[in-house]
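Note sheet for the following structure.
The values are calculated or read from the model by the stated rules, or taken from the named source; none is laboratory data. None of the values given here were measured: they were computed from a predicted structure. Cβ placement follows ideal geometry from the backbone for every residue including glycine, while neighbour counts extend to all protein chains displayed.
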Amino acid sequence: MNRYPEIADRLMGLDEAVSRFVKDGCQLAIGGFTITRNPMAVAYEIVRQRVKDIHLVCHSHGQALDVLIGAGCVRRLEIAYGGNGRYAPTCVRFKKAVQRSEIEFEDYSNYQMSLRFLAGALGMPFLPTKSGLGSDLMNYEGFSPDIRKEAKVASRKYAMMDNPFSEERDEVVLLPALTPDVTILHAQYVGDDGTVRIKGLTFADIEQAKAADTVIITCEDIVPSSFIRMDPDQNSLPPFFVDAIVKAPYGAHPTACYGFYDYDPKHLNLYRKVAEDDALFKGYLDEWVYGVNSWEDYLAKVGMEMILKIKANPVIGYAPGLDRK
Amino acid sequence: MNRYPEIADRLMGLDEAVSRFVKDGCQLAIGGFTITRNPMAVAYEIVRQRVKDIHLVCHSHGQALDVLIGAGCVRRLEIAYGGNGRYAPTCVRFKKAVQRSEIEFEDYSNYQMSLRFLAGALGMPFLPTKSGLGSDLMNYEGFSPDIRKEAKVASRKYAMMDNPFSEERDEVVLLPALTPDVTILHAQYVGDDGTVRIKGLTFADIEQAKAADTVIITCEDIVPSSFIRMDPDQNSLPPFFVDAIVKAPYGAHPTACYGFYDYDPKHLNLYRKVAEDDALFKGYLDEWVYGVNSWEDYLAKVGMEMILKIKANPVIGYAPGLDRK
Amino acid sequence: MIQYSDNEMMALAAGRFIKDGDIVFAGTGVSMLAATAAKRIFAPKAVIFFETGGIDPSLDEIPMAVADLRVMTGTSLNSGLIEAFSIVGHRKLHTVAFLGAAQIDRYGNLNTTCIGDYFKPRTRFSGSGGACDVAAYASGVITFMQHEKRRFVEKLDYLTSVGWYKGGNSRKELGLRRGGALAVVTNLGVLRFHEETKEMYLTEYFPGVTVEKIVESTGFPIDTSMAVEAESPTPGELQILREEVDPQRLICQAILAAPQR
Amino acid sequence: MIQYSDNEMMALAAGRFIKDGDIVFAGTGVSMLAATAAKRIFAPKAVIFFETGGIDPSLDEIPMAVADLRVMTGTSLNSGLIEAFSIVGHRKLHTVAFLGAAQIDRYGNLNTTCIGDYFKPRTRFSGSGGACDVAAYASGVITFMQHEKRRFVEKLDYLTSVGWYKGGNSRKELGLRRGGALAVVTNLGVLRFHEETKEMYLTEYFPGVTVEKIVESTGFPIDTSMAVEAESPTPGELQILREEVDPQRLICQAILAAPQR
């Protein structure tokens, strides 16, 4: 008897994972952080399938966020940070979309968004924090009362309460849970039993996955369960939280994946340049997204020379000496 | 330059760790769970030093809890569960102490206590849950209003609130954070940089440590930082949360330590038997605690035969085929 | 005639409630036997997990406690208590919990705290542990009981874990969104709960047990009109229990040695 | 005369605030340079960590973002965001955060969200990220600024991160128990905050910079009566910065290539 017969139903291609689970108008959370472990293969596929009106919920995000916004897939955004570190202190298409009032947006802080995902993951209605007190995050609401009536949108941006366990006045901010329709993550390993293992920093990936109705995982490789179950202390998600598994090597390019490859400085610089200009950006999408037929095609365009340059030293985890200017 | 010069100040013997940090009347949290990874070497040392009036805060605990109560070190107890699995469905000295009204006690559930430690670890005043609704946990308070005025005791057992993000009535229980004076844990490894690595299940150990003012770690061994920092994904606590580090091989005996040794069924059965009788129990303490001069003496009493029997297969993690009746 | 112990009969009767895809919360003793039996006999795609954080261990030997090292080996994930309890309540999962108790009432509410006054009890038990939590959060609870009048009571000495609370819609009105008592499996038979009133009724009596004996052993009136005799365990089922689930006979044998009823 | 860049001067000036035992929250750019300089020159027992969860990485190469793989190597622990922010606010730790901002006011409140109307901004920035959080929870915040009148303003277009709020005791009255703005390090000098009023004042002007230039570049009045000229970086300090901290000269060199003031 095969102990893990389920995984076959969940193994699929990028096209199927997106067409089955990422619907127009869905609330979507993205794993990774700025220039690392963005689920880019899925993000590009979402663009290719021209999914519309996405409600993105992000802590601090970068590349996938910006591509999705730039391609016009996003209608609504809850966000703490849109940037790519030194490669784009503010994500360019995000910046333009806000300045041109092309999207509905609401700002939170990074810890606030992380706590909202944690609340969703733990099935709690809210979590308390001191963060936000005195900040304009508490003074400006981005969403109208009508938007607040929608199922996945919090009925209020936050609530205030007085700590009932303190003798003195002690105000805390209550943050509403997030429960996205879909969370997309890129991981290093998925076992053939469906267990997910992320190496390096996990950011809020695990909370984002547990908070969601549906989880799509792309991975560098699918490995035997005998390997993944030999040291279960290292694993990140059990199989029953995962709905779609897609094998997509280099699936985070041009962002980095610990132990496998570094970020691609050339592509990130190219991206920033084209993002500044509407026509150039359209050309970028035509060339890198609409114009390629598969993830393998995309990687062929990146080219062997760059793939070898960004290849991580497996012990050090990144590509030492990589020209990162 | 040594990058980690601090650890020398924190390395000490059991006697020093307890005499410096575990004071009469302190609030104490214990790592591990029922028959696994109880910090027994520290617990016995607390008994040996005759620390008094301890306020114990536990989720589901077993052996260390029962020894501390049985030896008369505990005045006050917040607890979800006192048992040793099949070896003592209810911990015997705990049971007697409650039935004889020898301790002040208050019941919570396991998740509730874990959330209270998590709140303490995250610096939150409280956390919300649905657990407890309708239960007598919410109807009986164990502590008097006078006790509730003490610094480390919650001013209320819990508070009720209506979820402010729900249109319908949706009651939740708010649980007050725990911030123990001291948390004692037993870990497999501590790096010579002070980093702690726990293998196998971590229970609520990490939350208990982060919630505390002071943390004492006993460990099976101290290992080079080059080892512990080669795969930091596996580590449990950074050095700056640890105040005392004690090398104590077999420091969880007679409870188990994943990858190192199994529980000692003979000792647990002996313990249950002596615990049922006051005179026998006094004899047990005289023989196993007051009558030994050091942890090495204690282990010599356990004996090589049993040490070899309970030795874990390092791949399987426990001692297969061990006679566990 | 096939010989089997109470524990074996109970484990198999309870195991039948588990379906493929269920996430099964297991405790020690019979509960462990039942969960493992369910996975190896009735629902191979069920997942067994423990409040201590061990998810889907290989269970080559039967654990003697939920923190036994044997729940940490061959698992999909070794996590902690917070993660485990968040799994129990996860809206995406169908979670079924096995619990035991000292007392139960007609609505499936449980007492694992004390007999007598809470502050000065005649007998103190271990306390809630995770029972109150899984009773609040799981999709359903199956409780193992010794079937005795002093255990099936009109009023619990202490309500540790909520079943159907005061019956009818009262559980939902408390604010608990799902779950409730699914079944009670005793050494005499199986009981379930009326869909509307949420009162306990008898569905099965074990071979060799009479309905009268069950009525006598229950401290409140129960409807027995729908009760049928349960099937005996098959030799194949017993073989799996004894040779795969509990090869050391730590739970099967303990009771086998005791006189059969 | 020793040649050095603004970034190098700022990193060293800020690094001097760090003491042994401090837990240093670092961002990208100058902040990363300052944190590493602090640990390698002034406070070897300080610990550098990142909001992304990387604790005490070896930093053999300088990270270009807080999620750069270089913050995950040689660490004591790789955790996640929740753990990282709980470290920032931990009552047991003295945590000092390095932040940058687009605007700052006299009480050290910061704007990293937008210029102009929030809903239709002239310029949109990245947003809070973790800045609002560490400003609320850290023991102290050191902010890096380009010293320009349009950045040192009477009123922020958006208050992202709270410093001393409205001055005096107002931060505590908000419910924030510790922390506040410790210092501002600019390309012209170092500013601190008055103990009672919490208003910004000048403590140091960098070599070659006049007090008048600083007053002109500040959009609100500042007390300069206690200001002294800062020491130049020593050749030894610069050598460590350039050869150990940023051997690829990704942050030092970028500015070295620009004309010195």
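Some notes on this structure:
- Among residues of region A:255-306 being touching a Lys or Arg at 6+ places or on another chain (Cβ under 9 Å) and among the polar types (S, T, N, Q), the one that is surrounded by the fewest Cβ atoms within 10 Å (Cβ to Cβ) is A:Asn269.
- Top-ranked residue of region C:194-237 - restricted to ones that are buried (at least 17 other Cβ atoms within 10 Å of the Cβ) and out of contact with any Leu (no Cβ under 8 Å at 6 or more places or on another chain), ranked as nearest to C:Gly168 (Cα to Cα): C:Lys198
- Members of region C:34-72 that are more than 8 Å from chain B (Cβ to nearest Cβ) and at positive phi: C:Asp56, C:Leu59
- Among the residues of region B:24-42, those identified as farther than 18 Å from B:Tyr81 by Cα and small (Gly, Ala, Ser) are B:Gly25, B:Ala41.
- Test for C:Ala38: is it assigned to a loop (DSSP other than H, G, I, E, B), without any contact (Cβ under 8 Å) to a residue 40 or more places away in the chain and not hydroxyl-bearing (Ser, Thr, Tyr): no
- Matching option when the condition is in contact with a His (Cβ under 7 Å, 6 or more places away or on another chain), buried (at least 24 other Cβ atoms within 10 Å of the Cβ) and in contact (Cβ under 8 Å) with a residue 12 or more places away in the chain, among B:Ile30, B:Ile69: B:Ile30
- Positions within region A:106-118 being part of a strand (DSSP E or B) and within 9 Å of chain D (Cβ to nearest Cβ), in sequence order: A:Asp107
- Taken over region A:78-90, the residue count meeting the criterion of being more than 7 Å from chain D (Cβ to nearest Cβ) and either without any contact (Cβ under 8 Å) to a residue 60 or more places away in the chain or farther than 14 Å from A:Ile35 by Cβ (or both) is 1.
- Selection over region B:163-202 of residues that are more than 25 Å from A:Val173 (Cα to Cα), away from chain A (no Cβ under 13 Å) and within 12 Å of the chain's Cα centre (by Cα) gives a count of 5.
- Test: residue in region D:203-212 that is under 21 Å from D:Met9 (Cα atoms) and part of a helix (DSSP H, G or I): yes
- If you check D:Tyr158, D:Tyr107 for being among the aromatic types (Phe, Trp, Tyr), more than 9 Å from chain A (Cβ to nearest Cβ), in contact with a Ser or Thr (Cβ under 9 Å, 6 or more places away or on another chain) and not in a strand (DSSP E or B), only one passes: D:Tyr107.
- Here region D:224-255 is the region considered, the condition is being acidic (Asp, Glu) and away from chain A (no Cβ under 14 Å), and the residue that is farthest from the chain's Cα centre (by Cα) is D:Glu243.
- Some residue of region C:28-36 being aliphatic (A, V, I, L, M) and closer than 19 Å to B:Gly321 by Cα: yes
- A:Gln99 falls short on exactly one of the conditions (1) at the interface with another protein chain (Cβ under 9 Å from one of its Cβ atoms); (2) in contact with a helix residue (DSSP H, G or I) (Cβ under 8 Å, 6 or more places away or on another chain); (3) not small (Gly, Ala, Ser), and that condition is (2).
- Number of residues in region C:116-139 that are over 19 Å from B:Cys58 (Cα atoms) and either modelled with pLDDT under 95 or crowded, with 18+ Cβ neighbours inside 10 Å (or both): the value is 6.
- Selection of region C:204-224 for residues being in contact (Cβ under 8 Å) with a residue 24 or more places away in the chain, among the hydroxyl-bearing types (Ser, Thr, Tyr) and out of contact with any Asp or Glu (no Cβ under 7 Å at 6 or more places or on another chain) yields only C:Thr218.
- Complete set of residues in region C:167-196 that are assigned to a strand (DSSP E or B) and either within 13 Å of chain B (Cβ to nearest Cβ) or charged (D, E, K, R) (or both): C:Ala181, C:Arg192
- Filter result for the condition that a residue is at the interface with another protein chain (Cβ under 9 Å from one of its Cβ atoms), β-branched (Val, Ile, Thr) and assigned to a strand (DSSP E or B), over C:Thr143, C:Thr123: C:Thr123
- Residues that are within 13 Å of chain D (Cβ to nearest Cβ) and either under 18 Å from B:Arg37 (Cα atoms) or of a type in the set (Ser, Thr, Tyr) (or both) within region B:211-225 comprise B:Thr214, B:Val215, B:Ser225, listed in sequence order.
- Among the residues examined, A:Arg156 does not qualify as among the charged types (D, E, K, R), in contact with a Ser or Thr (Cβ under 8 Å, 6 or more places away or on another chain) and without any contact (Cβ under 8 Å) to a residue 40 or more places away in the chain.
- Residues that are free of Cβ contacts under 8 Å to residues at least 60 places away in the same chain, assigned to a loop (DSSP other than H, G, I, E, B) and not aliphatic (A, V, I, L, M) within region C:61-89 comprise C:Pro63, C:Asp68, C:Thr73, C:Gly74, C:Thr75, C:Ser76, C:Ser79, C:Gly89, listed in sequence order.
- Any chance C:Ala101 is more than 10 Å from chain B (Cβ to nearest Cβ), over 30 Å from B:Glu102 (Cβ atoms), small (Gly, Ala, Ser) and in contact (Cβ under 8 Å) with a residue 12 or more places away in the chain: no
- For region A:84-95, the criterion of being modelled with pLDDT of 95 or more and part of a loop (DSSP other than H, G, I, E, B) is satisfied by at least one residue.
Residues are listed down the side, and each one gets a yes or a no for (1) out of contact with any Phe, Trp or Tyr (no Cβ under 6 Å at 6 or more places or on another chain); (2) more than 29 Å from B:Leu11 (Cβ to Cβ); (3) among the hydroxyl-bearing types (Ser, Thr, Tyr):
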{"position": "B:Ile245", "(1), (2), (3)": "yes, no, no"}
{"position": "B:Ala252", "(1), (2), (3)": "yes, no, no"}
{"position": "B:Thr255", "(1), (2), (3)": "no, no, yes"}
{"position": "B:Leu268", "(1), (2), (3)": "no, yes, no"}
